[in-house]
Amino acid sequence: MKYQFDVVNGAEGRAHHVDYRVEAGQGVMSTASRVIALRPDLLLNISAVRPGIEAKFKFEIGKAPVQFGFVVSGSNRCTYYDGALKNQTHLLKQGCNGIYYFPETSGALESDHDSGVFVVSILTTPLFLDSYFKDDKRKLSCAFKKIMAEQKEQFYWRGAENPAKMSLLLQIIQNKYSDGVQKMFLESRVLELLAWQLNECLGADPDENRNKQSLRTKDVERIQAAKELLVKDFENPPSVAMLAKLVGINEKKLKIGFKQVFGRPVFEYFREYRLERARELLVSGDVTVSEAAYQIGYQSLSHFSRAFRERYGLNPKDYGRVRGGF
């Protein structure tokens with residue numbers, strides 16, 4: 001089984017386009033998998049490998065697109081055969097997201113046997129991105145300037161996990177529109193995701209990056225364990241001090257490290273996470289607004305409605321009705 005993708009030069013006066021092909025055995029991919037060309041140089045790929053299958057895909061990239069990848073569920077192991085990442089293997093689990101540029105790179109992707117993997121990826125061309133930044137490239141990092149110039153240097157950036165990103169992904173996956181309206185809707189959400197990722201990747205203060213503490217693998221594992229404990233009990237979440245004690249990490253390191261890993265301070269993440277859970281409950285249609293509020297730990301319906309409206313721009317009852325088709 002194999003993935004192949006390249007950027008193909010357009011004829012004079014026409015945009016480059018992304019050429020993406022996948023060869024998979026029968027029954028490996030679920031029916032949710034699809035590829036949608038929003039523009040010649042902007043492609044949306046939804047790839048879902050069924051659980052219970054040993055799925056290994058080789059990939060070959062020639063003239064590279066810029067990839068924005070999001071693991072919605074399950075996990076992948078990605079091994080690189082070329083370039084600066086040669087012989088490295090990255091485990092990409094649920095919530096992982098990033099920006100990747102791998103010219104003239106080959107490798108292999110292996111999905112988890114038990115869970116499978118559900119991935120959303122957006123592929124575009126350096127020229128597409130350059131069209132947004134051509135008037136002011138001073139704020140671009142050296143690495144991104146090399147991408148815009150289509151140099152043959154690999155680039156890998158991992159974004160913070162964030163419930164707002166997952167909200168956009170679910171809107172893309174679950175939309176019920178069709179034809180031109182669907183294309184218009186998907187393009188709007190795809191561009192919003194690209195803007196979110198680029199702002200996070202490019203907007204960081206270099207001095208702030210230099211001052212970040214170095215996190216060992218065990219520190220990251222403890223911080224991820226703290227996140228799981230934090231969202232386990234919506235009504236009575238543990239304090240930061242208690243979380244630090246439970247996972248065996250210094251409280252200051254937990255505060256700083258949590259923001260590095262998840263992009264938000266501990267309790268800002270908690271507030272967004274439980275509102276996203278309420279949104280999912282309302283979209284399902286299985287609960288009332290009151291039930292959704294109580295399930296995520298709100299005792300006051302008015303406080304919940306205000307927080308929800310500030311986050312999503314609609315009252316909870318209106319969101320469940322208007323967004324239920326996504």
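The values are calculated or read from the model by the stated rules, or taken from the named source; none is laboratory data. Note that the structure is a prediction, hence the values are computed from the model and not measured. Glycine gets a Cβ as well: all are built from the backbone with ideal geometry, and neighbour counts include every protein chain shown.
Listed values, structure above:
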read-out: Selection status of SER167, more than 24 Å from VAL7 (Cα to Cα), polar (S, T, N, Q) and surrounded by 21 or more Cβ atoms within 10 Å (Cβ to Cβ); value: no
read-out: All positions within region 143-184 that are among the hydrophobic types (A, V, I, L, M, F, W, C) and free of Cβ contacts under 8 Å to residues at least 12 places away in the same chain; value: VAL181, MET184
read-out: Near pairs, Cβ below 9 angstrom, 6+ apart or cross-chain, from region 188-202 (at positive phi and surrounded by 15 or more Cβ atoms within 10 Å (Cβ to Cβ)) to any residue that is in a helix (DSSP H, G or I) and not aliphatic (A, V, I, L, M); value: none
read-out: Qualifying residue in region 54-64 (condition: in contact (Cβ under 8 Å) with a residue 24 or more places away in the chain, under 19 Å from the mean Cα position of the chain (by Cα) and assigned by TED's automatic domain parsing to the domain that holds ILE173); value: no
read-out: Residue selected from region 232-246 under the condition assigned to a helix (DSSP H, G or I) and out of contact with any Leu (no Cβ under 7 Å at 6 or more places or on another chain), by the criterion nearest to TYR294 (Cα to Cα); value: MET242
read-out: Matching entry among LEU168, LEU215, LEU186, LEU229 (being outside any strand (DSSP E or B), closer than 27 Å to GLY62 by Cβ and not β-branched (Val, Ile, Thr)); value: LEU186
read-out: Flag for GLU221 being over 30 Å from ASN175 (Cβ atoms), at pLDDT below 90, under 26 Å from the mean Cα position of the chain (by Cα) and in a helix (DSSP H, G or I); value: yes
read-out: Qualifying positions in region 79-103 - part of a loop (DSSP other than H, G, I, E, B) and either over 16 Å from PHE59 (Cα atoms) or free of Cβ contacts under 8 Å to residues at least 24 places away in the same chain (or both); value: LYS86, ASN87, GLN88, GLN94, GLY95, CYS96
read-out: The one condition in (1) surrounded by 13 or more Cβ atoms within 10 Å (Cβ to Cβ); (2) closer than 30 Å to ALA48 by Cβ that THR217 fails to fulfil; value: (1)
read-out: Residues (at pLDDT below 90, more than 19 Å from the chain's Cα centre (by Cα) and of a type in the set (Phe, Trp, Tyr)) located in region 228-277; value: PHE234
read-out: Filter pass, ILE122 being assigned by TED's automatic domain parsing to the domain that holds ALA164, among the β-branched types (Val, Ile, Thr), within 25 Å of THR217 (Cα to Cα) and crowded, with 22+ Cβ neighbours inside 10 Å; value: no
read-out: Among residues of region 104-123, those that are in a loop (DSSP other than H, G, I, E, B) and either free of Cβ contacts under 8 Å to residues at least 40 places away in the same chain or touching a helix residue (DSSP H, G or I) at 6+ places or on another chain (Cβ under 8 Å) (or both), counted; value: 1
read-out: All positions within region 72-98 that are charged (D, E, K, R) and modelled with pLDDT of 90 or more; value: ARG77
read-out: Identity of the residue in region 189-212, in a loop (DSSP other than H, G, I, E, B) and among the charged types (D, E, K, R), that ends up modelled with the highest pLDDT; value: LYS212
